[in-house]
Each structure stands twice: as C-alpha cells, then as structure tokens.
Amino acid sequence: MRLRIIVIRIAVFYLAGIVLVLLTACGQVWNNPYPASDVGKNILYNVFTERPKHLDPVQSYSANEIQFTAQIYQPPLQYHYLKRPFTLIPYTAAEMPVITYYDHDDYPLPSDVEVDDIAYTQYEITIRPGVYYQPHPAFATNEHNEWLYHQLDDKALATIYKLSDFPETGSRELKAQDYAYQIKRLAHPKLHSPIYGLMADYIMGLRDYAGVLRSAQSSQQGKEHFLNLNEYPLEGVDIVDDYTYRIKINGKYPQFIYWLAMPFFAPIPWEADVFYSQKSLIEKNITLDWYPVGTGPYMLTENNPNLRMVLEKNPNFFGEFYPEEGMPADYENGLLVDAGKPIPFIDKIVYSREREGIPRWNKFLQGYYDASGIGSDSFDQAVQLVGQGETTVTEAMARQGIRLETTVAVSTFYIGFNMLDPVVGGGRTEESRNAARKLRQAISIAVDYEEFISIFANGRGLPAHGPIAPGVPGHRYGEAGMNPVVYNWVNDGPQRKSIAVARYLLAEAGYPNGIDKKTGAPLVLYFDVTARSIEDRSMLDWMRKQFQKLNIQLVVRSTDYNRFQDKIRKGNAQIFEWGWHADYPDPENFLFLLYGPQRKVGNSSGSASNNAANYDNPEYDQLFEQMKDMDSGPARQEIIDRMVEILRYDAPWLWGYHPKEYGLYHEWYQNVKPNRISNNNVKYYRIDADLREQRRREWNKPVLWPIVVGLIVVIVILVPGISAYRRYESTMGIKNLKSRTS
Amino acid sequence: MLSYIIRRILYAVPILVGVNLLTFTLFFVVNTPDDMARMQLGIKYVTPEAIEKWKIERGYDKPLLFNPKLNGIDQLTHTIFFEKSIAMFAFDFGKSDEGRDIGYEIKSRMLPSFAIALPVFILGLFSYITFALIMVFFRTTYIDFWGVVLCVALMSISSLFYIIGGQFLVSKLWHLVPISGFATGLDATRFLILPVIIGVISSAGANTRWYRTIFLEEMEKEYVRTARAKGLSEHLVLFKHVLKNAMIPILTGAVVIMPLLFLGSLIVESFFGIPGLGSYTIDAINSQDFAVVRAMVFLGSVLYIVGLILTDISYTLVDPRIRFN
C-alpha cells in the first residue's frame, strides 16, 4: 500500500511538472525545423531533392545545379524576367553584343551577307565597370599587396576545414579577362565540360587549344596543379581592354548568343583558379566545384548538399533593378508592383534536402517551405478542375492562401520510331518506306495522347503537334499549328482523327486489320522503355491497348537506363520513349533532334548525336542547315513551317506532349513568374516574413492532449501493474510449488 | 587470445577480397565505365572523345579483371579491379567520381548516422529486454498472452508505415516535433526524438519476442529451480540469474551490430532528412558512383567482421568457461 502511495505521488508530481512545461510552451511553435534565431528574417525556404554534383560553371549543367550557379555567377547576358517570348537582355554586359561577320581575309561583312561567305562571326562584348566579386579568400592580400592564401602551407591549413575558416577575404572588380579565362577552361584537360564537344565545333581554335593545354599540363606534371590559362592564348577569344572581349565563332551560329546567358560563359577570376589549385586545399575538398566564386546577387555560404545549401546576399552586388515592363497580364497579377526597385529583395535562401515527397509536402503545408511542386499523390488534395480544362487550387489550399502558378515547359515527351528498323522505318525501296510511313501515321492517330495526359499526367500537359514546344519561336498556335496527319479542325479546335482512318492507313501499309498481308502473321511491334516501377504498369497496359485498337500486338521491353541508352545508340530499339528539355528558346534546339547528321547510328563525326530516331531526310536536312543560320523572322518561319510539315507527314515520332508545370506558392511569396529557361530568378522574388511567421504560428500550434493522455495511460497501466506484480510475486512460490507437486 | 584475434583478422582478408570482387562484378554487370562517364558528363552533348577522356582520367580505361595485352602479373595488376581495390585495404578510399574525398565524406557523415543509431540501439536493447522479462515474469497469464499478440502485431507492420504514421501523427497533426531535418549540437535532439522512438518501436515486436524466447529457455534450467529453492524472489531470479545466463545469445545479436551503427539506416535517414551514411550510399547508387559504392560495401564488410570478433571476445567476458586458446 505504501509503495502505491509513493508511486502515485511521484506520478502526480511529474504530471504537474509536465503540464506546467506544456502550459508555458503554449503559443510557441515546436515543429519549426529552422533555428529560433531565424524567426521573422527575410529568408526564402526552398527545397532540393537531388544533390548537385558540380558547382563549377564549366561543368554544372543539370537543373539541380543551375538553380544554385545561376544565382551566383553572372554571364554577360540574361533573359528578361517578365517578357514573353523569352528576350535576352544584358546582365554584366553594358549592352547587347556587337555581332560582326568576317570573310576569310578578315574583312567585315554586312549583316545580310550570305552564310557561305562568312568565315567567322565575332561577338564583341563590353561589360559594365564597377561589378565586383563576392568577398573571397582568393582575393585576400596583406598590406604589401601580396596574396595571403595563394601558397598555403600545412601550418596555415591546420585550422582550415571549410572556406569560411579563412579569416581574411577580399574582392576585386570584374574584368573582361575573367570571361576569357572561363572560355579557355571549357577545354581544360582536367575539367570535363559537357559542352566542350559542341563548343569545339564553333569557338575558333578551341579543339586545338585542348591539345595545347594537355601538352602544357604533361610538361609540368608533378610540379604544380595550377595551369595559368592567361599564358596560353586562344584563337577564338581576344581581350580588347579591361572591359571588352571578343569571341570568334566559326561561320555563323546565331544560337551562340543564348549560350552567353548560361553559367558556362560566366567569369572565373584567375586568382580563384590559383587558390583552388593548391593540393592541400583539394585534399580538404575545398575546390571551385564546391565553393563557387562569382559576382552574382548571391553567394554560397553553406554547402552541405546532404542536408542544406545556403545562399546569402552578396554584399558587393548592386546596380540591378526589378524590370519596369512586362506582359499585360503581369500588371494584373501584381508582378510589376516592385518595378524599378533595387534587387535582390531576399537576404538569404535556405535550400533543404528532402528526398521524400511526404515530408516535403507536409512541411510546405505547415509553412516551412515557401513553394512546392505537386506530386501525383497530393494532386487531388491540391488542385481541382473548374471546367474548360482550367485548374485552380482546392478550397483547403485557398483557405491557407496558397495559389497555383502554371507554365508550359519548353520540353517535349515523345515516342520515337527507329527509322533504321525495317518494319517501322522502312527498307531500301520507296514502296517499303511509304508503307512504313503509313504504319507510323496510323499509330500516331491511334495513340490518344489527350487521354494519356488526362489519365497519367493529371491533365498537366498539352498534346504536341510537332517537335517545337509552345513559347518557342516557330511554334504555331491554333489551326495553323495543328498536325493534319493526326487531327481535323472541328469546332475551333483540333479533333483526333477516327480510328477508321488509322485502320485504313494500316491496311494501306500492308497490314489490314493488323495482319501482315505477305506472311499472314499478326503484326508485333516492340516498345523499349526504361525499367518501370509497379505503378507504371498501368501506363504500359494503356499503351498496349492503344496499339490493340489497330490489332497490333505491342511487346514491352523494359531494361535499365544504361542498357536502354545502349540500345538506342546501337539502333537496336524499334519504338522507344524519350524526352527533351530545351537549352534555349530557339526552334533549332528542337529541330536538330531530327537532323540527319545528328543520328545516333552511323555518326562518325565525333560530335554529340541526339537524333535517337535516326531520321534522315535530305530535304529536311537541307532546310535545317538553312534555318539554323538564319535570324528569326518571316523567312525563317516559312522554312520552319515546311520542316514541321515534312516531319508531320513522315511521323518519325509520336509527337507526345509538352508537360505543364504546376507550382504552389504561399501568399507571402511574391513576384513569381515561373519558367524553365531563365534560372537566375531568385533575385526578383519577395517574401513577407512577418505574414509567414504569423501563419506558421496559426498553423502549427502544438497539440498537447496526446502527451497528457499518454501520461495518464502510462500511470493507469503502471499503478495496477505494480500491484499485480507484487501480488503475482507473493503467490509465485506457492504456484511453483503446486506445479511441481502436481 | 591475441593469436586468435590475429588469426581472425587474417581470415578476414580473403573474405574482404571476395566481397570486393563480388561488388565489383555486380556493379560492372549493370554499369559499364562508359555508362558511368555519361552519368557524370550528362547525356545531352557528350562526345565519344569526352567519354574517353573521363575514363582515362579516372582510370576506367583499363580492362575490368584481366589485361590480355600484358604479360605475367601485370595481366592482373593493370586492371580496374586491382587498381581500385588495393588501396582500400589501407583504408584509402580515394575520390568519388564527383572528385570528393570519400574518407572525408565518411568521417563527416558517420556522426549523424550514429546520433540516431546509438540511442535506438541502447533504448531498444533496454526496452526489449525489460518487456521480455516482464512477459516472462507474467508468463502463462493474460499479460504474457496479450504481450505476444502485441509483439506479433508490431512485427507484422512495415517499418515504412511506422515512419509515415509517426510523421503524420506526431509532426503533422500534433505539431510536436519537426517532420524532418537535422542540426548539430543540442538542437539535434528535437530532430532525433521521433526517428529514435520510431526506430525503437519498429523493431520492438521481433526483438522482444526473441528475448522472451531466450529467457523462457533459461527459465527451464536447473539453476533457476535452485535459486527459487533458496527462497529468492522471482524478480531476483530473473534479473540476477536468468538475465546473466542469457547474455551469450543477447551479445551475439547485439555486439555484432554495434560497429554497423555507424553505417546508418537507408529509409530512416531518407525520410527524416538525416545527412548520414545511409543516404550517402543511396545517392552513390543512384548516381552510379562506383568509388563510393565500393567503399561503403568494403566498410560494411570490415565493420561486420569487427563486430563478429568483438562478439567472440565478449563471450569470454560473460562466460568464464569460454577460452580461445
């Protein structure tokens, strides 16, 4: 009895203590994953799922890397944030590059000269004076102007584990030679730039330059890691003065200007290269690939890609303002409220690593992430259809002040036919090629992409009528943009042709009702896909059913991504799925995917090849060569129209769909105009940190009753449990005795 | 004892070579060096020249296991397998395909993994043994019966369910702790509470039943009858005699996994955003980073062997009858 009283007293004491703690904690948020010191600060909370592999602008390419590098580095050009179609404007450049064509004798040519007469094109770029690098130890000097950290010894490095451990930093003005330095780095033997192969075809002397650097490196093998690129001139790059440089391109390549808006062409100071080339720093994982150094609005202050990446405002960045003009809808959407104000607005961006969708989504709903994509699991919870294909957020989302922003990506997901395959591509004779074309056309009609988008993409996509994505010059809208092979124009909209038309084409192709007229065997086609999860089985079943409409048996061949790529490279696939996301908003970046010399099989040029269908049409190739060197305008559009017409007729792809991207944003997140072409958009965003704090408190009040109930349950179990134990133990001896004697 | 340990360490060498060979073979059955290069360089504009350059720089331009162009021992040593494996035996893991020092990464990620695994291990061991002893104490009563039912129920639920359910209830509905994330120092506690509780509960069913079985087996032995005959109370019999004598099977299960605590948990780290070694391994597999995969498999094998040796040593401590000489 006495023990029970003691236990009860202790329990009551602890219960009272816990209740007291809970009461004092009322009004505070317990589940905030960020430090208490950050509450109410002007910080943007973002999320990333895949860790970036490279942050060196010469190597980084994928979207998860560019979301960081684009905020840190400043190429000479950028895209206008609000204008559509996408428009290039100067970034560090004082004005748009001056483009001059030259003949083989280095004489300048007029701008309307024939392409064949152009030996090379010169881009002269003048940068703004007064642009400074972020504070960085590579620039730190002592009172005698000597570099502090360019020759570090073990003693100096003893306390250095990360970049912020260097006590001194410095900065300097951006110079034209920094841009030249970076262009030379594209050919650096120790770096693996993904665009080196492409640029070596265009930037004069870049291919030879790689050889020069290789020999230079081998001659200094074992001496030092630093290869001073300033000592090795590159034919295609001239430095005119501190603020002007020139890039020379073989022939004419109008799309080159888009590359000047990518981090590949951002400046790298030679000081950073010297600093990061020190072996002792490399051994400590302190490299340019890990700690970028740029002139952009933000600088990377924490790089822990397994947990979080932090960008903070570059104190040396100034002189850029929010755009003062945009599209008419931008005024209505409040996107020009901050027109003319200095940017960036946000002080710090915290990117947290979230691998799983469930915690990511829940933290967004709790207000701990400012924006979120929409996974298929949460689609119905987030978005509802409001007729005519329009979508909006659900009432629950609207109550939380969450809004939906959509954009059509400059991407395309398609199904390709291997044109080297005798069945779907045709053989050597005209007759067999015609038959194969009719087969492809029939399949193009049968596979109902409107249904696919509705079922498998939650309506997030636009059926494609050709390879060029909407928003890209050359894409036609309305009836002019309809694919007449697959659709009819009915009631002001495209309507997919009936399956009877497809069956007729199939019969014309030599397969009446899906039976091979020559052999009498049913037509069997093979669909190569990358290994699928169990959830995708329904999609593959749906695809089989689409072919079944024509009585064609579709056999799905699923392999891992490596083997799949191998099949495509060797031309062993028959029908395959693939996609493309444009690098820049020019039709050339889509149409080259079907350019004959770019075909995967039989490409001995040594260049990259992206024509996975191995499509080869001399007329199309000739038009492509003509189009790619032309400036945008009606003449170019006419050629593009013809090219698209050829493609639609030949149907080397099922054109598939252009995905629509949906993003959810909290009410405190302003100035958002999503797109996938310009990546340096964070500087335009604005956050109302006070409103966010208020909402977080409202949405995340701790629910304390489960703790109290839990304690009561424990006590309720414990007290009788102890008495049962005492009773049980006192009878144990008797029980044991009885069991033994019986 | 020393000679026994040395012998065991020497036995470990062929095991590690075998594990290494197996990992190597399995990895390169799925991925070729060309695939690895493409994964690192991106597939959009990659040229055959760039792939070749990448392979030469990373040492993937040689044959995998046998070099027919050379003679003698060079046929085996001038191969990817030999060159990539030999340094690991000196615990020099080299650089990942991204160019980061693997040893440094492992050191920095071990701690977060350990921060979850250690409390789960200690709390788990303590609670499983306690509950098992309580069930044994109340054996053949309704408490024991419902305890076993509860254990079976707990065993039948997937660990993923505990994680998702725990996050839903504790973090999403009740707002008591952050759903995911990590911090250093004391601030880490609030991120660790939920994964630790879930870690303990998710293994409770199987472990409690396992310990209960061990204790019940001991309860039937004669020394227990003797202890009772001496007039010892039941809890003294259980805690002082049965628990001590059940230590060998407990140690077999517990000590062997102690070194592996550093390697972390793949699912828990992924869902709770813990920057540990479990997620490091997953990332490496996804990015086809053979250097990291190989290092982690090697480290796992070494730690497992260390765990087995420690288990053997611990036997001598708990059972004076066991001597290795």
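Quick notes
- Only a single item in (1) more than 14 Å from every other protein chain (Cβ to nearest Cβ); (2) open to solvent by less than 60 Å² (accessible area, probe 1.4 Å) is not met by A:Ala200, and it is number (1).
- Filter result (within 14 Å of chain A (Cβ to nearest Cβ), open to solvent by 20 Å² or more (accessible area, probe 1.4 Å) and part of a helix (DSSP H, G or I)) within segment B:241-270: B:Leu266, B:Ile267, B:Val268
- Look at segment A:505-529: where a residue is under 17 Å from A:Arg437 (Cβ atoms) and a partner is part of a strand (DSSP E or B), sitting 6+ places away or on another chain with Cβ atoms under 8 Å, you get A:Asp516/A:Pro522; A:Leu523/A:Ile515; A:Leu523/A:Gln553; A:Leu525/A:Gln553; A:Leu525/A:Leu554; A:Leu525/A:Val555; A:Leu525/A:Ile575.
- Any hit, segment B:141-152, residues being in a helix (DSSP H, G or I) and farther than 30 Å from A:Ser723 by Cα: no
- Scanning segment B:162-186 for residues that are at the interface with another protein chain (Cβ under 7 Å from one of its Cβ atoms) and of a type in the set (Ser, Thr, Tyr) returns B:Ser171, B:Ser180.
- Filtering segment A:277-309 to residues that are hydrophobic (A, V, I, L, M, F, W, C), farther than 29 Å from A:Lys41 by Cβ and assigned to a loop (DSSP other than H, G, I, E, B) leaves only A:Leu288.
- Checked against (1) open to solvent by 20 Å² or more (accessible area, probe 1.4 Å); (2) closer than 22 Å to B:Tyr280 by Cβ; (3) out of contact with any strand residue (DSSP E or B) (no Cβ under 6 Å at 6 or more places or on another chain), A:Ser60 meets all criteria but (1).
- Screening A:Glu312 against (1) in a strand (DSSP E or B); (2) open to solvent by less than 10 Å² (accessible area, probe 1.4 Å); (3) farther than 30 Å from A:Val113 by Cα leaves a single unmet condition, (2).
- Exactly one residue among A:Asp528, A:Asp536 is touching a strand residue (DSSP E or B) at 6+ places or on another chain (Cβ under 9 Å), part of a strand (DSSP E or B), of a type outside the set (Phe, Trp, Tyr) and open to solvent by less than 80 Å² (accessible area, probe 1.4 Å), and that residue is A:Asp528.
- On inspection, A:Gly130 qualifies as surrounded by fewer than 16 Cβ atoms within 10 Å (Cβ to Cβ) and small (Gly, Ala, Ser).
- Of all residues in segment A:477-497, those satisfying the criterion of being without any contact (Cβ under 8 Å) to a residue 24 or more places away in the chain, open to solvent by 30 Å² or more (accessible area, probe 1.4 Å) and assigned to a strand (DSSP E or B) are A:Asn488, A:Trp489, A:Val490, A:Gln495.
- Pair list, Cβ < 7 Å and 6+ apart or interchain, from segment A:169-196 residues that are more than 14 Å from chain B (Cβ to nearest Cβ) and in contact (Cβ under 8 Å) with a residue 40 or more places away in the chain to residues that are of a type in the set (Gly, Ala, Ser) and open to solvent by less than 10 Å² (accessible area, probe 1.4 Å): A:Gln182/A:Ala266
- Selected residue [modelled with pLDDT under 90, β-branched (Val, Ile, Thr) and over 27 Å from A:Phe624 (Cβ atoms)] from A:Val21, A:Val98: A:Val21
- One residue stands out among those in segment B:187-230 that are touching a residue at least 40 places away in the same chain (Cβ under 8 Å) and of a type in the set (D, E, K, R): the one that is farthest from the other protein chains (Cβ to nearest Cβ), which is B:Arg209.
- Some residue of segment A:214-225 being buried (at least 18 other Cβ atoms within 10 Å of the Cβ) and out of contact with any Cys (no Cβ under 6 Å at 6 or more places or on another chain): no
- Note on segment A:39-48: residues that are touching a strand residue (DSSP E or B) at 6+ places or on another chain (Cβ under 9 Å), open to solvent by 20 Å² or more (accessible area, probe 1.4 Å) and over 15 Å from B:Ile179 (Cα atoms) amount to 3.
- Where B:Lys44 falls short, out of the listed (1) under 30 Å from A:Thr559 (Cβ atoms); (2) exposed (fewer than 14 other Cβ atoms within 10 Å of the Cβ); (3) of a type outside the set (Ser, Thr, Tyr): (2)
- Those residues of segment A:581-602 which are touching a Leu at 6+ places or on another chain (Cβ under 7 Å) and open to solvent by 20 Å² or more (accessible area, probe 1.4 Å), in sequence order: A:Val601
- Restricting segment A:137-179 to residues that are open to solvent by 60 Å² or more (accessible area, probe 1.4 Å), of a type outside the set (D, E, K, R) and out of contact with any strand residue (DSSP E or B) (no Cβ under 9 Å at 6 or more places or on another chain), the residue that is nearest to A:Ile125 (Cα to Cα) is A:Asn145.
- Here A:Phe317 passes the criteria (1) touching an Asp or Glu at 6+ places or on another chain (Cβ under 9 Å); (2) buried (at least 21 other Cβ atoms within 10 Å of the Cβ); (3) outside the structural domain of A:Gln122 (by TED's automatic domain parsing); (4) within 28 Å of A:Lys162 (Cβ to Cβ) except the one numbered (1).
- Of all the listed residues (A:Asn306, A:Asn316), the sole one being within 14 Å of chain B (Cβ to nearest Cβ), of a type in the set (S, T, N, Q) and in contact with a Pro (Cβ under 9 Å, 6 or more places away or on another chain) is A:Asn306.
- When A:Gly514, A:Gly596, A:Gly520, A:Gly602 are checked against the criterion of being more than 29 Å from the chain's Cα centre (by Cα) and not assigned by TED's automatic domain parsing to the domain that holds A:Ala502, A:Gly602 stands alone in meeting it.
- Here B:Ile116, B:Ile86 are screened, and the one residue that is at pLDDT 85 or above and in a helix (DSSP H, G or I) is B:Ile116.
- Of all residues in segment A:686-713, those being surrounded by 14 or more Cβ atoms within 10 Å (Cβ to Cβ), of a type outside the set (Asp, Glu), without any contact (Cβ under 8 Å) to a residue 24 or more places away in the chain and more than 9 Å from chain B (Cβ to nearest Cβ) number 1.
- Filtered by the rule that a residue be part of a helix (DSSP H, G or I), touching a residue at least 60 places away in the same chain (Cβ under 8 Å) and of a type in the set (Asp, Glu), segment A:608-653 gives A:Asp641, A:Asp650.
- Per-region count, segment B:279-319, residues free of Cβ contacts under 8 Å to residues at least 12 places away in the same chain and more than 21 Å from B:Gly253 (Cβ to Cβ): 3
- Positions within segment B:60-94 being free of Cβ contacts under 8 Å to residues at least 40 places away in the same chain, open to solvent by less than 40 Å² (accessible area, probe 1.4 Å) and either within 14 Å of chain A (Cβ to nearest Cβ) or among the hydrophobic types (A, V, I, L, M, F, W, C) (or both), in sequence order: B:Tyr60, B:Ala87
The values are calculated or read from the model by the stated rules, or taken from the named source; none is laboratory data. These numbers were taken from a predicted model, which means no experiment stands behind them. Ideal geometry is used to build each Cβ from the backbone, glycine not excepted, and the neighbour counts take in all protein chains shown. Heads up: the accessible areas ignore ligands, DNA and RNA and are worked out on the full protein's heavy atoms, side chains in. Shrake-Rupley method; radii C 1.70, N 1.55, O 1.52, S 1.80 Å.
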